[in-house]
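Some notes on the structure that comes next.
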Amino acid sequence: MIFDLHSHTTASDGRLSPQDLVDRAIEHRVSVLAITDHDTLEGIPEARNYIEQNQLPIELLNGIEFSTLWSNKDIHIVGLNIDVECEALHALIEKQKAHRVGRAELIAHRLSKHLKVDPLPEVKAIAGDAPVTRAHFAKWLVDNGHAKTMQLVFKKFLTRDKPGYVPPQWCSMKDAVDAIHAAGGVAVLAHPGRYDLTAKWQKRLISAFVEAGGDAMEVAQPQQSQQERRNLADYAIQYNLLASQGSDFHYPTPWMELGRNLWLPSGVTPVWESMPQFVSDTEEL
C-alpha cells in the first residue's frame, strides 16, 4: 500500500480540484490519501463524495495543515484522521482565516508600494474560492514577469526583509495540537527538514513539538536525500514520535508527485498504525 498523507487542492494553494487530485492519486497507485489543505476542510467533502459515488479504489483520510508560530518561524502542523464536525477545530480554523485575510491585505499593500500596482484583485481571482495565501501572490508575481519560478519569487519578494514580507501571526503549536486532538486526530510535525534550521535548532523544534503534545513527524518526502530521511527517522525514534510520509503535493513538478518515493526507514512506527481502520491491513502486509 502507498500512503500519501500530505496533499493540497484548490481549497487552499493547490492547483488541482479535489476530484482531479483523487484521480491523479489513483493514477499514481496511491492507496491512502490525506487531503491536508491549509487551515481549511473545504476540499474534503467533494473528494469523499466523488470517491463514494464512483466506488473508487482509494481510501481518503480527513486532514488539515495548520500554520503555527514558533520562535518567529512559520511551522506547519498536519492533523490526520480528524472529525471534520469538531467545534474546537472549526473555532481555530476561523481564527486562522481571519489572520490569513489580514496578512493578505498587508502583503498586497506592501507589494503595491513596491510595484506601483495593486495585485490583490488579480490574486483573489487566482485563489478563487480559497483563502489567499503567499503561494497565490507568488503565482501572480511569476505570471506578471517579476520572477521566473515560484522558488525564486519567494526569495525575491516574500521572505524576511523583502518587499512583500509580512510577519505571520498564527496560532501556537499547542493551539493546533489541542484542536487536532479535540477532533480525535493525530498531530504531525510537517516537513521538519524544510525550515532552514541547523541540527541543533531542528532538535529544539521537535522537542517543543513534543512538549506541545505532538504525536508524529513527517519522515519521508519525495525530494529529500536518503541521509536526511534516515536522520529524521532517528529523531522520530529518539523523541518517541510516530513516523509519517507525504508528498506535500500542490501541482505536478519534475521533483514532486503523489505517492512518489514514499517509504519509511527501518526502526520507526508508521503513523497509520495508530489508526484502527488500518491496523488489520498493515498487519497483513
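The values are calculated or read from the model by the stated rules, or taken from the named source; none is laboratory data. Owing to the predicted nature of the structure, the values given are computational and were not obtained by experimental measurement. Cβ sites come from the backbone with ideal geometry, for glycine too, and all protein chains shown count toward neighbours.
Laid out as a table, the results:
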read-out	value
Residue pairs meeting the criteria (Cβ under 9 Å; at least 6 apart or on separate chains; first more than 16 Å from Asp234 (Cβ to Cβ), in segment 207-220; second among the basic types (Lys, Arg) and surrounded by fewer than 19 Cβ atoms within 10 Å (Cβ to Cβ))	Glu211/Lys174; Ala212/Lys174; Gly213/Lys174
All positions within segment 218-253 that are buried (at least 18 other Cβ atoms within 10 Å of the Cβ) and charged (D, E, K, R)	Glu218, Arg229, Asp248
Segments classed as strands (runs of 3 or more DSSP E), wholly inside segment 3-88, with at least 3 members that are modelled with pLDDT of 95 or more, over 26 Å from Lys139 (Cβ atoms) and in the same structural domain as Val210 (by TED's automatic domain parsing)	59-70
The lone exception for Leu21 - which of (1) of a type outside the set (S, T, N, Q); (2) surrounded by 22 or more Cβ atoms within 10 Å (Cβ to Cβ); (3) touching a Gly at 6+ places or on another chain (Cβ under 6 Å) it fails	(3)
Test: Asp175 is within 17 Å of the chain's Cα centre (by Cα) and either in a helix (DSSP H, G or I) or aromatic (Phe, Trp, Tyr) (or both)	yes
Residue selected from segment 39-68 under the condition within 17 Å of Val188 (Cβ to Cβ) and charged (D, E, K, R), by the criterion surrounded by the fewest Cβ atoms within 10 Å (Cβ to Cβ)	Asp39
Candidates Asp4, Asp39 - the one that is farther than 16 Å from Pro252 by Cβ and of a type outside the set (S, T, N, Q)	Asp39
Whichever residue in segment 88-137 is of a type in the set (Asp, Glu) and more than 21 Å from the chain's Cα centre (by Cα) and, among such residues, is surrounded by the most Cβ atoms within 10 Å (Cβ to Cβ)	Glu122
